[in-house]
Amino acid sequence: MPIVVRLDIMLARRKVKSNELARAIGITEANLSSIKSGKIKGMRFSTLEAICRYLNCQPGDILDYVDDSETSGIWGQKAG
């Protein structure tokens, strides 16, 4: 998937535990875990806003776009 979630890195930088963030923004720890692992199909902007507000960061600090054509193939060669 071309969108990579780097929430775990921002949590470490801010020295915030997952359960603290989950409580602060009003979601379950299980839902936050799904977000952190990238095993989600989408996220409400209100949730993204709450995360950014609490961690004092920008969406680009926790979300990354990686073009599929730039990822390496099975043998380490550039696709395309």
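Since every read-out is calculated from the coordinates, none of them should be taken as a lab result. As the structure is a computational prediction, the values presented were derived from the model and not from experiment. Cβ placement follows ideal geometry from the backbone for every residue including glycine, while neighbour counts extend to all protein chains displayed.
A few points about this structure:
- Segment 10-20 - residue that is under 13 Å from the mean Cα position of the chain (by Cα) and either in contact (Cβ under 8 Å) with a residue 40 or more places away in the chain or surrounded by 13 or more Cβ atoms within 10 Å (Cβ to Cβ) (or both) and, of those, farthest from residue 67 (Cα to Cα): 18
- Matching entry among 69, 46 (being of a type in the set (S, T, N, Q), assigned to a helix (DSSP H, G or I), in contact with a Gly (Cβ under 6 Å, 6 or more places away or on another chain) and loosely packed, with under 14 Cβ neighbours inside 10 Å): 69
- Residue in segment 40-53 that is in contact with an Asp or Glu (Cβ under 9 Å, 6 or more places away or on another chain), under 14 Å from residue 10 (Cβ atoms) and among the hydrophobic types (A, V, I, L, M, F, W, C) present: yes
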